[in-house]
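For reference, the structure is listed below as structure tokens.
The values are calculated or read from the model by the stated rules, or taken from the named source; none is laboratory data. Only a predicted model underlies this, so the values are computations on that prediction, with no experimental measurement involved. Virtual Cβ from ideal backbone geometry, glycine too; neighbours counted across all protein chains shown. Only protein heavy atoms, including side chains, enter the accessible area calculation; ligands, DNA and RNA are left aside. Shrake-Rupley method; radii C 1.70, N 1.55, O 1.52, S 1.80 Å.
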Amino acid sequence: MSIAENITILLQEIPQHVQLVAVSKTKSNEEIMQAYNAGQRVFGENKIQDMTRKQEELPKDIQWHMIGHVQSNKVKYMAPYVDLIHGVDSPKLLKEINKQAQKNNRIIPCLLQIHIAQEESKFGFSAEECHQTIQMATALPHVQIKGLMGMATFTEDQKQIAQEFVGLKALYDQLIEQNIPLEILSMGMSGDYPLAIAQGSNMIRVGSKIFGPRNY
Ligand SMILES: *Cc1c(COP(=O)(O)O)cnc(C)c1O
């Protein structure tokens, strides 16, 4: 199946309120253009250097989402153009995004990454740190916290994955109940997006299911 066909099938399969981020990390400009020509405009990358090169080379109506772990000293390279940063996982990083956004006369939309997996290695805030960071962000006029992002444990155990998504959705709902105007819940990848959507995701980040396996 071609990249264009994969995109078309995915868009038919997912509900309209769910936004598809095509994760194009490690993929070439040609492959990205196949998805672009099928109508896809939102792409996700996990390395600032790669994303910036692609942003320079590819059509300017592409919206670039940073989905990976971000080092503070690299924020300046994406601040002029990045559309959404999914992986905000420290107050220090949020302050740096605010600073670089200000330099570019922008307000940069961000998601707070929440630690929902059992694995130690995954980045992200606890629920309590999330509350604190949202409080802190009220003093940062050049960032806008638009929602939450999470990655489930890498496991075959569907029950466990579902539980982790339920936990993240509950935190999201709780914040909205406290009048924090969140609109994006980014959860679900190639292996678990149907489960994520069933648990309330409205933004999925899909790579290999569109572009095929990655050769690192
Ligand atoms: C690579 C990546 C994805 C996409 O993974 P697939 O399994 O290829 O769909 C989604 N989210 C993040 C944060 C990633 O790094």
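Looking at the stretch 108-133, I want the residues that are of a type in the set (Asp, Glu) and at pLDDT below 95 and have a partner that is open to solvent by less than 50 Å² (accessible area, probe 1.4 Å) and part of a loop (DSSP other than H, G, I, E, B) with Cβ atoms under 8 Å, at least 6 apart or on another chain. Which pairs are those?
Glu119/Thr153
Which of (1) more than 10 Å from the ligand (Cβ to nearest atom); (2) at pLDDT 95 or above; (3) open to solvent by 50 Å² or more (accessible area, probe 1.4 Å) is the odd one out, the single condition Met189 does not satisfy?
Met189 satisfies every listed condition except (1).
Taking the stretch 35-54, which residues are surrounded by fewer than 20 Cβ atoms within 10 Å (Cβ to Cβ) and away from the ligand (no atom under 16 Å from the Cβ)?
Asn37, Ala38, Gly39, Arg41, Thr52, Arg53
Of all the residues that make up the stretch 19-34, how many are under 15 Å from Pro59 (Cβ atoms), within 14 Å of the ligand (Cβ to nearest atom) and aliphatic (A, V, I, L, M)?
Going through the stretch 19-34 one residue at a time, the tally reaches 1.
Could you pull out the residue among Thr26, Thr8 that is among the polar types (S, T, N, Q), part of a helix (DSSP H, G or I) and at pLDDT 95 or above?
Values: Thr26 fails: part of a helix (DSSP H, G or I).
On inspection, the qualifying residue turns out to be Thr8.
Have a look at Glu129, Glu183 and point out the one that is more than 16 Å from the ligand (Cβ to nearest atom), surrounded by 15 or more Cβ atoms within 10 Å (Cβ to Cβ) and among the acidic types (Asp, Glu). Walk me through how you get there before you give the answer.
Details: Glu183 fails: surrounded by 15 or more Cβ atoms within 10 Å (Cβ to Cβ).
Just one listed residue meets the conditions, Glu129.
Collect the residues in the stretch 1-18 that are within 16 Å of the ligand (Cβ to nearest atom) and surrounded by fewer than 16 Cβ atoms within 10 Å (Cβ to Cβ), keeping them in residue-number order. Lay out the reasoning, then the answer.
Going residue by residue through the stretch 1-18, those that are within 16 Å of the ligand (Cβ to nearest atom) are 1, 3, 6-7, 9-11, 13-14, 18.
Listed by number, the residues that qualify are Met1, Ile9, Leu11, Glu13.
When the residues of the stretch 192-209 are filtered to those that are out of contact with any Lys or Arg (no Cβ under 9 Å at 6 or more places or on another chain) and near the ligand (Cβ under 8 Å from one of its atoms), which remaining residue is nearest to Gln144 (Cα to Cα)?
Ranking the qualifying residues of the stretch 192-209, first place goes to Arg205.
Any residue in the stretch 153-167 that is in contact with a Phe, Trp or Tyr (Cβ under 9 Å, 6 or more places away or on another chain) and touching a residue at least 40 places away in the same chain (Cβ under 8 Å)?
No - not one qualifying residue is present in the stretch 153-167.
Could you tell me whether any residue of the stretch 70-81 is away from the ligand (no atom under 15 Å from the Cβ), part of a loop (DSSP other than H, G, I, E, B) and open to solvent by less than 10 Å² (accessible area, probe 1.4 Å)?
Yes, the stretch 70-81 contains at least one residue that is away from the ligand (no atom under 15 Å from the Cβ), part of a loop (DSSP other than H, G, I, E, B) and open to solvent by less than 10 Å² (accessible area, probe 1.4 Å).
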